[in-house]
Amino acid sequence: MFVGIGLFNLFNLLYHFFMIRMLPPIDYGHLNTLTTFFMLITVPATTVQTTITKFVTSFQARSQYSQAKSFLRHFLLLIVTVAFSLFVLIALGSSFLSSFFQIASRGLIILTGIVLFFGMVTPVLRGGLQGLQKFGSIALTHFMNGGLKLVLAILFVLWGWGLLGAMGAVALAYFVTAFFSLFLLYFPLKTQGEKVYVKKGFTGNVSPDVSEAYRYFFPVGLALLCFMVLTNIDLILVKHFFTPVEAGYYSISQMVAKIILFLPLPIVTVMFPRVSVMEIKKRKTTHILIWSSVVAGCLCALAIVVCHLFPELIIRLVTGKDYPECIPLIKFFSINMTFFSLTFILLYYQLAINRKDFIYPLVLLTLIQVVSISLFHQNMIQVLLIVGIVSLLLCGINFYLAYSPSRSTQA
């Protein structure tokens, strides 16, 4: 998973590396804003991925592969319907969104809707693979998605398609990844399901009860939505309140520092189904959380040191230019993203063992951040200070909730 997701992150970094160099700062600011908008809107699909992983893991632990197939079919149909409806809404509201984001091209908004459709379908399929603990297949889909996006974006921009080409590459990458993920998921489930039927003598389809999944869906969805808002809403608000040039500098800085946020992704991908299985079997899980936190903490600490010692070099390597305006921003971002990165692990651990009381402070701090940035945005450093205070509080609260001795004995 570290290799596969590491390559995906590398390809994503190279994608932004080349787009920063090949597109004007204003166009890159548009690209980063649309990408952030896409990430916020796809929270329901990410929620479904987490829910599917949790329940498919449970089915696998009990060798109920037929129910896993029915379960996946139900949620795949649901997400396809929701994704198509959102695409239609985005297409109809393209004029409003174009005005809000200060983007002249309505075609870019509609293209973002296409990215959204396939971007919402892919997590459902990855959730099935993750629940079956097919980590090699997940790594392969990440490699394919990142590689295609990078190669196609460079070609399309070189051919003169500009920002449309950069977004079109994302759309094609998700399209191919979605169908390839379906292929990787279909055959293992079909084979394993047939073996279970033959062994146990079943003759018909078994429909799982999805009501429990929907009850789990709400807290997961709320948690992931809040986390996505916390780590992305600042960019959207900066795009709205500041000039396009300033928003471009902010986007460049955020892109560099967000590498830190993605560092624990392979850790969480493996940790979540493992902890879920151990929780089903009533085994202790705190040792997994400790090692996950230690590894992520070391990686983030190293990243902070690099960002503070060599900010000019990082900016020059990524953009090919000197942007002194980005130097103080990157330093603040590296600290903020470290707290969010550690919080990400703590949130998923609590979801894996069915704890939900962390949601109350999460929702409260999300609202505080949005309101505070909306009221206080004299400069971009002020925005980052607000985000930093919220990220520190959130990490501290979840650290207490996850590691408290009186609670950890329950795990």
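Among Trp291, Trp161, which comes first, second and so on when ranked by fewest other beta-carbon atoms within 10 Å?
Trp291, Trp161
Assign one of three labels to the stretch 295-403, namely rounded, prolate or oblate, based on the Cα gyration tensor with a ≥ b ≥ c the square roots of its eigenvalues; rounded applies when a/c is under 1.5, prolate when it is not and a/b is larger than b/c, and oblate otherwise.
Cα axes put the stretch 295-403 in the oblate bin.
By counting other Cβ atoms within 10 Å of each Cβ, how are Tyr360, Tyr15, Tyr216, Tyr400 ranked from fewest to most?
With the sparsest Cβ surroundings first, the list reads Tyr360, Tyr400, Tyr216, Tyr15.
Determine the dipole magnitude for the stretch 212-405: charges of +1 sit on the beta-carbon of Lys and Arg, -1 on that of Asp and Glu, nothing else is charged, the reference point is the Cα centre, and the result goes in debye to the nearest 20.
720 debye
How much of the pair distance distribution for the chain lies past 32 Å, counting alpha-carbon pairs only, in percent?
In whole percent, the share of Cα-Cα pairs in the chain beyond 32 Å is 35.
How many lysine pairs does the stretch 212-405 hold where the Cα atoms are under 30 Å apart and the two sit 8 or more places apart or on different chains?
10
Rounding to the nearest 20 debye, state how big the charge dipole of the chain is about its Cα centre with +1 on each Lys and Arg Cβ and -1 on each Asp and Glu Cβ.
Roughly 1500 debye, rounded to the nearest 20.
Which residues' amide hydrogens lie under 5 Å from the amide hydrogen of Ile103, considering only partners 5 or more residues apart or on another chain, with H built in the peptide plane?
none
Distance between Cα centroids, the stretch 117-177 to the stretch 284-315: provide it in whole Å.
26 Å
Taking N as the number of residues in the stretch 1-208, what is its Cα Rg relative to 2.2 N^0.38 Å?
The stretch 1-208 yields a ratio of 1.13.
Does the stretch 110-182 come out rounded, prolate or oblate by the C-alpha gyration tensor, with a ≥ b ≥ c the root eigenvalues, rounded set by a/c under 1.5 and, if not, prolate when a/b is larger than b/c and oblate if not?
Note, shape of the stretch 110-182 comes out oblate.
May I ask for the percentage of alpha-carbon pairs in the stretch 1-109 that lie more than 17 Å from each other?
When every Cα pair of the stretch 1-109 is considered, 69 percent fall beyond 17 Å.
Relative contact order, percent, of the stretch 212-405 when contacts are C-alpha pairs under 8 Å separated by at least 6 residues?
31 percent.
For Ser98, what is the net charge nearby, where nearby means another residue's Cβ is under 14 Å from its Cβ and Lys, Arg count +1, Asp, Glu -1?
Counting the neighbours of Ser98, the net charge comes to +2.
Test of understanding: in a Gaussian network model of the chain with alpha carbons linked when under 10 Å, which of Asn354, Asn379, Asn336 would top the mean-square fluctuation ranking?
It is Asn379.
Along the charge dipole of the stretch 212-405, Cβ charges K/R +1 and D/E -1, which of Ile304, Ile368, Phe340 sits furthest on the positive end?
Projecting each Cα onto the dipole axis, the largest value belongs to Phe340.
What list of ³J(HN,Hα) couplings, whole Hz, do you get for the stretch 252-265 from phi and the Karplus terms 6.51, -1.76, 1.60, once you set θ to phi - 60° and write x for glycine and proline?
Once θ is set to phi - 60°, the couplings for the stretch 252-265 become 4, 5, 5, 4, 5, 6, 5, 4, 5, 5, 7, 4, x, 4 Hz.
Just in the stretch 276-349: which trypsin sites (Lys or Arg not before Pro) are loop by DSSP and have at most 13 other Cβ atoms within 10 Å?
Sparse-neighbourhood loop trypsin sites (Lys or Arg not before Pro): Lys281, Lys282, Arg283, Lys284, Lys321.
Taking the Cβ of each residue in Val295, Val245, Val56 as the centre, tally the other Cβ atoms inside 10 Å and list the residues starting with the fewest.
The fewest-first ordering by Cβ neighbours comes to Val245, Val295, Val56.
If a/c stays under 1.5 just call it rounded; otherwise compare a/b with b/c (prolate if a/b is bigger, oblate if not). Do that for the stretch 60-177, with a ≥ b ≥ c from the square roots of the Cα gyration tensor eigenvalues.
Oblate shape, in that a/c is at least 1.5 and b/c is the bigger or equal ratio.
Only helical DSSP H runs with n ≥ 4 go in: add -39500 (n - 2.57) per run for the chain, normalise by residue count and round the 222 nm mean residue ellipticity to 500 deg cm²/dmol.
-29500 deg cm²/dmol
With springs only between Cα atoms under 10 Å apart, run a GNM on the chain and tell me which of Leu237, Leu393, Leu302 wobbles the most.
Ranking Leu237, Leu393, Leu302 by mean-square fluctuation puts Leu302 first.
Here, each number is a calculation from the coordinates, and none is a lab measurement. Bear in mind that the values here come from a model prediction, so they are computed numbers and not experimental data. Note that we place each Cβ from the backbone using ideal geometry, even for glycine, and neighbour counts take in every protein chain shown.
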